[in-house]
Amino acid sequence: MRQSVYNMLKNRSFEYVIIAINAAAPIILIAVAPMEYRNGLVNLAYFEGICAVLFIFNLIFFLSKKYISITIIFNVIVFTTLFFTIAVTKNSIQSLGWFLTLPVFVSLLLGLRISIPINLVISFLYFYLLKYINENSADFINIPLGMMNFYMLAGVSMLHEFTRYSAEKENKTISTTDTLTEIYNRQMFEKILYEEIHRVKRNGIEFSLMLFDIDNFSEININYGYDRGDAVLTEIINLFKINLRPSDRIFRYAGDVFAVIFADTKFGSSKQVAERIQQSVSIAEIEEIRGITFCAGLTHCTKEDSSDKILVRTEKALEMAKIKGKNSIVALMD
């Protein structure tokens, strides 16, 4: 549901479309119902009156609650039932044309997850109607051809929705992920840091923040080339991932500086994890290079912290670690 078209169009103009549909439908039905009644389709006339009332109530519900998804699903159900009733009552091939519009609107408005089961149900109704009308009407239509038309429309509309969904997902990944190391970028770091700080203020859930910088990384690039330098960063990040919990998150902060958020962790525990990772990196052979180290600054979030305040403190701890020497960690509480 969250990836469907109505989420992209959730603005005043789309609300006006919803209002127009639910206002126009009862007007048309109320105008048509007497004609159906005079033509002997009494039950259809009564049902069209019921549908008109349902559309009016749906309009009132939408105006008071503004639940777009519920309104759309309700409209699809009512329209499907109405088209089905018209097709059966009139026993006409022409009335089946309305059914061919449903898979397109269902797929575009409700997205893949909900449109697939709804379109399957509609397809079974359509199949029944084709068979029913074919057996009881002078009009003739080939059932496989009718079903092919329906599934072609449903397939094309769902393919469009899937393509759009995939493109959205890819764009989101690109905008939030560092392409080299495949971890979150600075933008996501700032967003998640803000959320974690608010969790501390709201629920008292502790977390620690660490910034680390690869020692003499510029020399690695000069001596071994930038491609090897990039590979070193990737391998170091992989070592971090092995040692971090799923709830901990790592980010590319800037260049060869990275950030780690140790979620729901005591300050002492996060320092022990940092030291363990530091040890594993220093003894590893990364891209045939031995003795790679990093300096880290570590701090703990308190209820008085803001994003700027905790970042300043962590950056200060990192600078102190660099002054102290290679392969150092400095932890600051305040």
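The values are calculated or read from the model by the stated rules, or taken from the named source; none is laboratory data. Bear in mind the structure is a predicted one, so any value in this text is a computation, not a measurement. Positions of Cβ are generated from backbone atoms using ideal geometry, with glycine treated the same way; all protein chains shown enter the neighbour counts.
For the reader, a short list of remarks on this structure follows.
- Unique residue being in contact with a helix residue (DSSP H, G or I) (Cβ under 9 Å, 6 or more places away or on another chain), among the acidic types (Asp, Glu), over 16 Å from PHE83 (Cβ atoms) and surrounded by 13 or more Cβ atoms within 10 Å (Cβ to Cβ) when the list is GLU15, GLU36: GLU15
- Any hit, the range 51-66, residues being in contact (Cβ under 8 Å) with a residue 40 or more places away in the chain and among the basic types (Lys, Arg): yes
- Top-ranked residue in the range 306-315 [being surrounded by 15 or more Cβ atoms within 10 Å (Cβ to Cβ) and without any contact (Cβ under 8 Å) to a residue 40 or more places away in the chain; ranked as farthest from the chain's Cα centre (by Cα)]: ARG313
- Test for GLY297: is it out of contact with any Cys (no Cβ under 8 Å at 6 or more places or on another chain), within 19 Å of GLU190 (Cβ to Cβ) and crowded, with 20+ Cβ neighbours inside 10 Å: yes
- Filter pass, THR81 being at pLDDT 80 or above, at negative phi and buried (at least 16 other Cβ atoms within 10 Å of the Cβ): no
- Scanning the range 28-64 for residues being among the aliphatic types (A, V, I, L, M) and either at positive phi or touching a strand residue (DSSP E or B) at 6+ places or on another chain (Cβ under 7 Å) (or both) gives a total of 0.
- Among the residues making up the range 202-221, those that are surrounded by 15 or more Cβ atoms within 10 Å (Cβ to Cβ) and within 19 Å of PHE262 (Cβ to Cβ) are GLU206, PHE207, SER208, LEU209, MET210, LEU211, PHE212, ASP213.
- Residues of the range 36-51 satisfying the condition of being hydrophobic (A, V, I, L, M, F, W, C) and more than 46 Å from the chain's Cα centre (by Cα): LEU41, VAL42
- When residues of the range 274-322 are limited to those that are β-branched (Val, Ile, Thr) and assigned to a helix (DSSP H, G or I), the one nearest to ILE242 (Cα to Cα): ILE277
- Check on ILE292, surrounded by fewer than 20 Cβ atoms within 10 Å (Cβ to Cβ), farther than 24 Å from ILE205 by Cα and among the β-branched types (Val, Ile, Thr): no
- Scope the range 92-151; condition outside any helix (DSSP H, G or I), in contact with a Ser or Thr (Cβ under 9 Å, 6 or more places away or on another chain) and either within 27 Å of SER69 (Cβ to Cβ) or modelled with pLDDT under 65 (or both); matching residues: SER137, ASP139
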